[in-house]
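**Q** A single structure is presented below for examination.
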Amino acid sequence: MTAQTGKNAGLLSGDFLVREVSTDLRSLSNYEGTGTVKSLADLGVEFDSTGKATLNQTTFNALSDSQVQAGITFLGSTTTGFGALATKFSQISDPTNGLAKLQLDQ
């Protein structure tokens with residue numbers, strides 16, 4: 001994504017889909033829940049400066065039973081919690097009427 005944004009952006013500079021995907025990825029990494037588990041970091045998922053996710057095994061292994069349950073609530077479903085963010089990506093990638101398909105057809 002970085003290669004397609006900013007001062008030295010590539011051919012897709014300013015493209016709607018690049019901006020949309022970038023925004024959606026930012027939503028994933030910055031999502032904050034309302035329970036005792038508020039972030040992916042609380043579950044041991046950490047992001048480096050390039051956006052690469054890694055699992056902090058120490059943090060993950062230290063989760064109590066109640067924190068694991070709170071983590072399940074945080075992750076949610078296709079309509080609640082972190083899982084609801086998946087619909088944003090489906091709106092882009094749906095092969096029938098997703099934004100990528102619509103843009104390719106134009």
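**Q** Provide a single number: the residues in region 47-71 that are farther than 30 Å from V18 by Cβ and either at pLDDT below 90 or exposed (fewer than 12 other Cβ atoms within 10 Å of the Cβ) (or both).
**A** 7
**Q** Tell me, please, whether a residue that is assigned to a loop (DSSP other than H, G, I, E, B), at pLDDT 85 or above and not hydrophobic (A, V, I, L, M, F, W, C) can be found in region 8-31.
**A** Yes, region 8-31 has at least one match.
**Q** Let me ask you something else. Pairs only if they're at least six apart or on different chains, beta carbon under 7 angstrom, first in region 72-91 and farther than 16 Å from V21 by Cα and without any contact (Cβ under 8 Å) to a residue 60 or more places away in the chain, second part of a helix (DSSP H, G or I) and among the charged types (D, E, K, R); list them, first residue then second.
**A** Filtered contacts from region 72-91: no entries.
**Q** Moving on to the next point. Among the β-branched types (V, I, T) and surrounded by 15 or more Cβ atoms within 10 Å (Cβ to Cβ) - does that describe any residue in region 75-88?
**A** no
Every residue, every condition in (1) of a type outside the set (S, T, N, Q); (2) assigned to a helix (DSSP H, G or I), yes or no:
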| residue | (1), (2) |
| --- | --- |
| T58 | no, yes |
| L63 | yes, no |
| G71 | yes, yes |
| G83 | yes, yes |
| N97 | no, no |
| L102 | yes, yes |
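The values are calculated or read from the model by the stated rules, or taken from the named source; none is laboratory data. Just so you know, these numbers come straight off a predicted model, no measurement behind them. Glycine also receives a Cβ, built like all others from the backbone with ideal geometry; neighbour counts cover every protein chain displayed.
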